[in-house]
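Comments concern the structure below.
No value in this document is a laboratory result; all are computed from the given coordinates. Owing to the predicted nature of the structure, the values given are computational and were not obtained by experimental measurement. Every residue, glycine as well, gets a Cβ built from its backbone with ideal geometry; the counts of neighbours run over all protein chains shown.
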Amino acid sequence: MSAGNEAAGFGTARGVDTTVLGENEIILNMGPQHPSTHGVLRIKLRLDGERVVDSECIIGYLHRGVEKIAEHRSYPQFAPYVDRMDYVAAVSNGLGYCEAVEKLLGAEAPPRARVVRTILAELQRIASHLLWLGTHALDIGALTPIFYSMREREEILKIFEKYCGARLTTHAFRIGGLQYETYDTFEYDVKRFCEALAARIDEYETLLTENRIWVGRTKGVGVLSADDAIALGVTGPVLRASGVQWDLRKAQPYAAYEQYQFEVPTRENGDAYDRYLVRIAEMRQSRLIVLQAVEQIPEGPIMARIGKVLKPPPGEVYHSIEGPKGELGYYIVSDGTIQPYRVRVRPPSFFNLQAFHRMARGAMVADVVAIIGSIDIVLGEVDR
Amino acid sequence: MRTLLIPVLCAVVIVALLPLIAGYIVLVERKVMAHMQARLGPMRVGPHGLLQPIADALKLMLKEDVIPTNADRLIFWFAPVASVAAALVAYSAMPIGPAFQIADLNVGLLFIVAVSSLGIYGVVLGGWASNSHYSLLGAMRSAAQLVSYEVAAGLALVSVLLLAGSLSMKEIVQAQLDQGVWFVFYVPFGFFIYLVASIAETNRAPFDLPEADSEIVAGYMTEYSGFRWALYFLAEYANVIVVAGVATTLFFGGWLRPLTRYHDHFPGTHVELLDVVPAFAMIALALYCFRLAPRQPLRVQKRVMAAAGVKCVLFAGILFAALFGSDAVREGVHGAFWFLAKVGAYIYCFMWFRFTFPRYRFDQLMRLSWQFLIPLGLVNVIGVAVAIVLRERWDWNPFFSLVPTTIVTLGFAAWLTADKLELSGTDEDIAAESAAVLPGSGE
């Protein structure tokens, strides 16, 4: 038994004890088929009436062995697979993978490619947060925001589609640079979207931010202290909502982030409401980054000279980026052949989901869905 | 024999028409929702989805009848029937216009409230009989919610009863006619409390916890499908119409048209100026339908749209012709029109709230009722009673005697929301409640 959990009097790491139930207790299996577990997460809840006494997340229903597949693909062949992990933020996955392999090769993408990568990755962050906002609001019972946020997300997906022909699993980048040159009206489209977005975010905030019911449903729900967050390896908006100013875009800049000015929004309370505010603020910051970047996209080649066959020297590399959901890391071991010896992915959702147990203590059933929503998990990434 | 025939006919009409009406309310709801959410809603079945309810009903009736293995079969069968029966019986005392009422009970309001709250049996039994945890949670929530909000709604109704001095639905409307004002202007807080409580009683968002789809799948209806599910659905919408009808009767003058004191006639006739407004409104609607008809993509859609227009013309004709009939005919037809128009407006509010607000949590819902609505309702009732004493003893103007009541209630509401009402509970509350259930919590 882990000491921390025992002291909290809240179950153990071994899972929910289903053998001895109290008088008023029931075991409720939430998922894997459930409207608001965001895919195929299964949560075993031990309930006293509506209160959660103990909880256990059971994952793996979407396991596809992505990491194992990598060992049988060449480096470029594996790139489309990473899009299918966090399928609502495929561009960010691709960025992390391409940069990790580039690091292994000792190559660097040319400036133009880096700026375009930044633009697309930030648009993807906005798209991911928009999807999160809609579904989170839907979980809490607000039926309307999702249609507004999907409307804006559609604009982003249209830009992706024009750029690379795909909307969801984009495979937008290549190791060493970009898959495609930008299309003619790329700058115009991006700028027009960003100009419209500010007012749209205000619109979501009018619906939710000061809504008495929304505040009541999210404030004080799923509280995660900064210490707990760090101890559990939580990253991304969930960590920043707990008051830890940690953003890989600032801490270890990649792509073209060091060129742009932006803030890292943080909050103190670490509850679902703060996570909501942090993500809303992040969308505004991402918009500013995109606007700065699209102003001056440098001219030049879009691919580095890396040769046709990629054969990284033997060795290992860990590279991580700030994905929309947190630190997205790739640990790649090369044995000098055209296929990686091992690829290990550090998906943000997987680590953030570990904090669920702690957040759900003493919560009610309705809070459980609010907490899952506020963590913003994608099961494709958790299970891989 | 004749005295029995008309009520029976009325009952048959209501039972026959209600599923259709409920189906079309659902269609309207989907359309309203779609327009609020920047999309079109049902468009495929018939022009603008006008045949969608019929297609849905057919689908539900043709579906396989699934009863879970370990369900209590008898109660599983009985529960939705109980729900629908309770909802339908409540219509028997509802005056849809002065002429159309199955029975004018002298305790009509009490009867409606009592019978419609019997519907909870259907919910609780259905949730229990399903033998599913989600259903059970939904049923538990529903039972607690209905009991709490029944109290608040009752207090809101009492304030009107004090003003009207009768429980008969007809006499309550008559009282509003005699006093020359809709009671909503006398007791706005009574109406506000009833509005909130009636949403909660009919399990609609933001109080739709018993069937909160994102939390407990579909609550007590989780295991129901096909026709049985349709019965629950029918009961829910029938209840919505009942509470809308009660609110209309009690607060919005029932079948009375606006400006009841304005009686100018067309010169040379006994037709009142304002009574032609409904007919012209229907004509305008018909013109709109005719304008849309040629723009429909398919011939069948053009025809159905045109038919809708013709139907509106027909309604307009009936409304117009009724003006020249006897008083009973005129009041019956126009009364029904105004009653249904007000009920429609009230239901529209329900839809509007549903698509705007997130859902309350269970404990917040209870706090809202017991710590806000019920105290507010008590203050309001006492205030109204004092106002009536002022009016009867010292001949105060009835309207001004109620103004202080409203102001006091408003102040009380402000005080409650400012200091007392912590919807999410204080931190100590939550800690205490959590501590009660968590084993050995010492943190």
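Net charge near B:Val32: determine it from the other residues with C-beta under 15 Å of the C-beta of B:Val32, scoring Lys and Arg +1 and Asp and Glu -1.
Working: positive: B:Arg30, B:Lys31, B:Arg39, B:Arg204, B:Arg354; negative: B:Glu29.
Cβ neighbours under 15 Å give a net charge of +4.
Assuming a ≥ b ≥ c are the square roots of the Cα gyration tensor eigenvalues, decide whether region B:186-337 counts as rounded (a/c under 1.5), prolate (otherwise, with a/b larger than b/c) or oblate.
oblate
In debye, nearest 20, what is the charge dipole magnitude of region A:12-106 about its Cα centre with +1 on Lys and Arg Cβ and -1 on Asp and Glu Cβ, if you could check? Display every interim value, and only then the final one.
Numbers: 10 positive and 13 negative charges, 72 e Å.
Magnitude of the dipole: close to 340 debye.
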Note to self: Would region A:257-379 count as rounded, prolate or oblate if I go by the C-alpha gyration tensor, calling it rounded below 1.5 in a/c and otherwise prolate when a/b exceeds b/c, oblate otherwise?
What the structure shows: oblate
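At 27 Å minimum axial length over the Cα atoms and a Kyte-Doolittle cut of 1.6, report the qualifying DSSP H helices in chain B, or say none. Walk me through the numbers on the way to the answer.
Numbers: long enough: B:2-36 (49 Å, 1.78); B:108-129 (32 Å, 1.89); B:133-164 (46 Å, 1.26); B:226-251 (37 Å, 1.27); B:299-323 (36 Å, 1.30); B:327-356 (43 Å, 0.57); B:374-394 (29 Å, 1.44).
Going by DSSP H runs, the hits are B:2-36, B:108-129.
Would you mind estimating how fast chain B diffuses translationally, via Stokes-Einstein at 20 °C and 1.002 mPa s with the Kirkwood radius over Cα pairs, in µm²/s?
It comes out at roughly 90 µm²/s.
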Notebook entry, point to check: If you add up the charges near B:Val81, with Lys and Arg at +1 and Asp and Glu at -1, over every other residue whose beta carbon is less than 15 angstrom from its beta carbon, what do you get?
Noted result: -1
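Rounded if a/c is under 1.5, else prolate if a/b beats b/c, else oblate: with a ≥ b ≥ c from the C-alpha gyration tensor eigenvalues square-rooted, which is region B:1-60?
On the way: a/c = 4.40, a/b = 2.70, b/c = 1.63.
Because a/c hits 1.5 or more and a/b exceeds b/c, region B:1-60 counts as prolate.
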Notebook entry, point to check: Which of the chymotrypsin sites (Phe, Trp or Tyr not before Pro) found in region A:252-333 are in a DSSP loop and have at most 11 neighbouring Cβ atoms, other than their own, within 10 Å?
Noted result: none
Next item on the list: Please sort through the DSSP H helices of chain A and keep those with an alpha-carbon extent of at least 27 Å along the long axis and a Kyte-Doolittle average not below -0.5.
Entry: A:111-139, A:145-164, A:186-208, A:272-295
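So what's the net charge close to B:Leu62: Lys and Arg +1, Asp and Glu -1, counting the other residues with Cβ under 14 Å from its Cβ? Could the numbers behind the result be given before it?
On the way: positive: B:Lys59, B:Lys63, B:Arg228; negative: B:Asp56, B:Glu64, B:Asp65.
Net of charged neighbours comes to 0.
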Next item on the list: Any chance you could list the semi-axes, whole Å, largest first, of the equivalent ellipsoid that the Cα gyration tensor gives for the protein assembly as shown, using √(5λ)?
Entry: 56, 32, 25
Next item on the list: Sort B:Met61, A:Met85, B:Met351 so that the residue with the fewest other Cβ atoms within 10 Å of its own Cβ comes first and the one with the most comes last.
Entry: B:Met61, B:Met351, A:Met85
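Once you charge only the Cβ atoms, +1 for Lys and Arg and -1 for Asp and Glu, what is the size of the charge dipole of the protein assembly as shown about its Cα centre, to the nearest 20 debye? Don't skip to the end; give the middle numbers.
Details: 73 positive and 80 negative charges, 524 e Å.
Around 2520 debye, computed over the protein assembly as shown.
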Margin query: How far apart, in nanometres, would the label points at B:Trp77 and A:Glu299 be if each is projected 7 angstrom from Cα along the Cα-to-Cβ direction?
Written below: 8.3 nm
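Tell me, B:Thr222, A:Thr206 in order of fewest to most beta-carbon neighbours within 10 Å? Don't skip to the answer; put the middle values down first.
Values: B:Thr222 23, A:Thr206 10.
Listing B:Thr222, A:Thr206 from fewest to most nearby Cβ atoms yields A:Thr206, B:Thr222.
How compact is region A:340-383 by the rule of thumb for globular proteins, expressed as Cα Rg over 2.2 N^0.38 Å? Each step should come with its number before you reach the end.
Values: Rg = 13.1 Å, N = 44, 2.2 N^0.38 = 9.3 Å.
Compared with the compact-globule rule of thumb, region A:340-383 sits at 1.41.
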Margin query: For the pair B:Val271/A:Thr337, report the inter-label distance in nm, with labels modelled 7 Å from Cα in the Cβ direction.
Written below: 9.4 nm
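On a full-extension model of 0.36 nm per residue, what is the gain between B:Tyr348 and B:His263, subtracting their alpha-carbon distance, rounded to one decimal in nm?
Values: separation 85, 0.36 × 85 = 30.60 nm, distance 2.97 nm.
Additional length available on full extension: 27.6 nm.
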Next item on the list: Sequence neighbours fewer than 8 away in the same chain don't count; with that in mind, list the lysines whose C-alpha is under 23 Å from A:Lys308.
Entry: A:Lys103
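Would you calculate a helix-derived [θ] at 222 nm for chain A, using -39,500 (n - 2.57) for each DSSP H run of n ≥ 4 and dividing by the full residue count, to the nearest 500?
Theoretical 222 nm ellipticity from helices: -14500 deg cm²/dmol.
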Check: In chain A, with Lys and Arg counted as +1 and Asp and Glu as -1 at Cβ, which of these residues, A:Leu178, A:Val234, A:Val382, has the Cα nearest the positive end of the dipole, that is, farthest along it?
Finding: A:Leu178
Check: Among B:Pro258, B:Val277, B:Ala293, which residue has its Cα positioned farthest towards the positive end of the charge dipole of region B:258-330, with +1 placed on the Cβ of Lys and Arg, -1 on the Cβ of Asp and Glu, and the dipole taken about the Cα centre?
Finding: B:Ala293
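What value in Å³ per residue do you get for the convex hull of the alpha-carbon atoms in region A:49-208?
Numbers: hull volume 23.7 nm³, N = 160.
Spelled out: Cα convex hull of region A:49-208, divided by residues, is 148 Å³.
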Next item on the list: List the equivalent ellipsoid semi-axes of region A:79-383 in whole Å, largest first, each obtained as the square root of 5λ for an eigenvalue λ of the Cα gyration tensor.
Entry: 32, 23, 15
Note to self: Can you compute the modelled spin-label distance between A:Tyr318 and B:Ile21, with each label point 7 Å from Cα toward Cβ, in nm?
What the structure shows: 6.8 nm
Notebook entry, point to check: Relative to the Cα centre, what is the charge dipole magnitude of chain B, using +1 at the beta carbon of each Lys and Arg, -1 at the beta carbon of each Asp and Glu, and rounding to the nearest 20 debye?
Noted result: 1920 debye
